1. Going by what's in this entry, would Leu40 be described as of a type in the set (A, V, I, L, M, F, W, C), open to solvent by 10 Å² or more (accessible area, probe 1.4 Å), over 30 Å from Pro144 (Cβ atoms) and touching a Pro at 6+ places or on another chain (Cβ under 7 Å)?
2. Cβ contacts < 7 Å: first residue open to solvent by 10 Å² or more (accessible area, probe 1.4 Å), restricted to region 24-36; second residue among the basic types (Lys, Arg) and in a strand (DSSP E or B), any location; separation 6+ or different chain. Result?
3. Just give me the residues in region 125-141 being assigned to a loop (DSSP other than H, G, I, E, B) and either crowded, with 22+ Cβ neighbours inside 10 Å or without any contact (Cβ under 8 Å) to a residue 24 or more places away in the chain (or both), in sequence order.
4. Which one is least open to solvent (accessible area, probe 1.4 Å), of the residues in region 44-71 that are of a type in the set (Val, Ile, Thr) and in a helix (DSSP H, G or I)?
5. Search region 212-247 for residues being outside any helix (DSSP H, G or I) and out of contact with any Leu (no Cβ under 8 Å at 6 or more places or on another chain), and hand back the single one that is farthest from Pro92 (Cα to Cα).
6. Of everything in region 147-165, what is open to solvent by 80 Å² or more (accessible area, probe 1.4 Å) and within 16 Å of Val10 (Cα to Cα)? Give them in sequence order.
7. Return the residues of region 72-92 that are out of contact with any helix residue (DSSP H, G or I) (no Cβ under 8 Å at 6 or more places or on another chain) and surrounded by fewer than 16 Cβ atoms within 10 Å (Cβ to Cβ); say none if nothing qualifies.
8. Arg104 is checked against (1) closer than 17 Å to Arg222 by Cβ; (2) crowded, with 16+ Cβ neighbours inside 10 Å; (3) in contact (Cβ under 8 Å) with a residue 60 or more places away in the chain and fails just one. What number does that condition carry?
Amino acid sequence: MFSRVCFIMVEPSHPGNIGSAARAIKTMGFSQLVLVNPKLPDAASQPEAIALASGASDVLAAAKVCATLEEALAPVTMALALTARLRDLGPPASDVRQAAELAREHLALNEAAQVAVVLGTERAGLTNEQVALCHRTCHIPANPEYTSLNVAQALQLAAYEVRYALLDPAARLPQREEAEPATSEAVQALLVHWEEALVTVGFLDPKHPKKLMPRMRHLFSRAGLSREETDLLRGVCTAMIARTRPR
C-alpha cells in the first residue's frame, strides 16, 4: 500500500523544502513526491534541494512536476488536504491521525485506490479552491498558541502518521473487495457534466449560481463515489440533457 500513496506540494518556492520533503517521505517508506507549479521549474535539481535530500536523491530525481493541482490529483481516489485553518465550506475535517486511518481503510478495500496528502505553499498554505478539490481536510494538533510548522516538517509528520497506520496489523488482514473507487479526474468530469445538465433543465441559473456547484462538489467528495457510480450519474446527465432538447 505504500506505493499507492503520494505527497503533493503545491507551488513550493524553496528548493530546500523540496529536498527535505524527499528525505522525509523516504524515511517513512514512501517514494512518490509531486510538485505542482513550483516557483523554479528545476527546483528539484537545485543544489540546496539535493543537499537537504541527504540520501533521498532517488525520490528527488523521480519527483513528478504538474502544472495544476487538478492534473496532480487526476489518478487519485482519496485526497487529504493538510491545512491549519478551519473552512466554513469544505470537505469533512479530522486530525492527521484519523485521516491516516481513513487512508489505510481506503487503500485496503481496493487495489486500484490511490491516496494523496496535499500541502500548500510555505507562506499561505492551500487556497479554498485547492482544498475543494480534496476529499478530506486534516490538521496537525499542534500547540494552539503557536501552530507554525515548516511545510517539510508538516509533511514529515503526515508521512509518519500514514506509515504508522499502514503498519497496523489490522491493515494486513484480508479485506472485502469493494467497487473500484472513482479517480479525481472522473469526479471532476462528472461535475462538469452535472453542471451542464442542471443548467439545461433550468435548476441552475449560470448568471446567479450562488454556491450550488461548490456544495455539489463537497457532496460528491463525501460520497466516495465508485467508478461505476460516476458512470451511472453521467448517464443520468446525458438523459436529462437529451430530454430537454427539442426533437
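1. So Leu40 passes the test.
2. Qualifying pairs under 7 Å: Val34/Lys64.
3. Leu126, Thr127, Leu133, Cys134, His135
4. Val59
5. So the residue we want is Arg247.
6. Correct list: Gln153 only.
7. The answer is Ala84, Arg85, Leu86, Asp88.
8. Failing condition for Arg104: (1).
The values are calculated or read from the model by the stated rules, or taken from the named source; none is laboratory data. Worth saying up front: this structure is predicted, and the values here are computed from it rather than measured. We place every Cβ from the backbone using ideal geometry, glycine too, and count neighbours over all the protein chains shown. All accessible areas refer to the heavy atoms of the entire protein, side chains included, with ligands and DNA or RNA removed. Shrake-Rupley method; radii C 1.70, N 1.55, O 1.52, S 1.80 Å.
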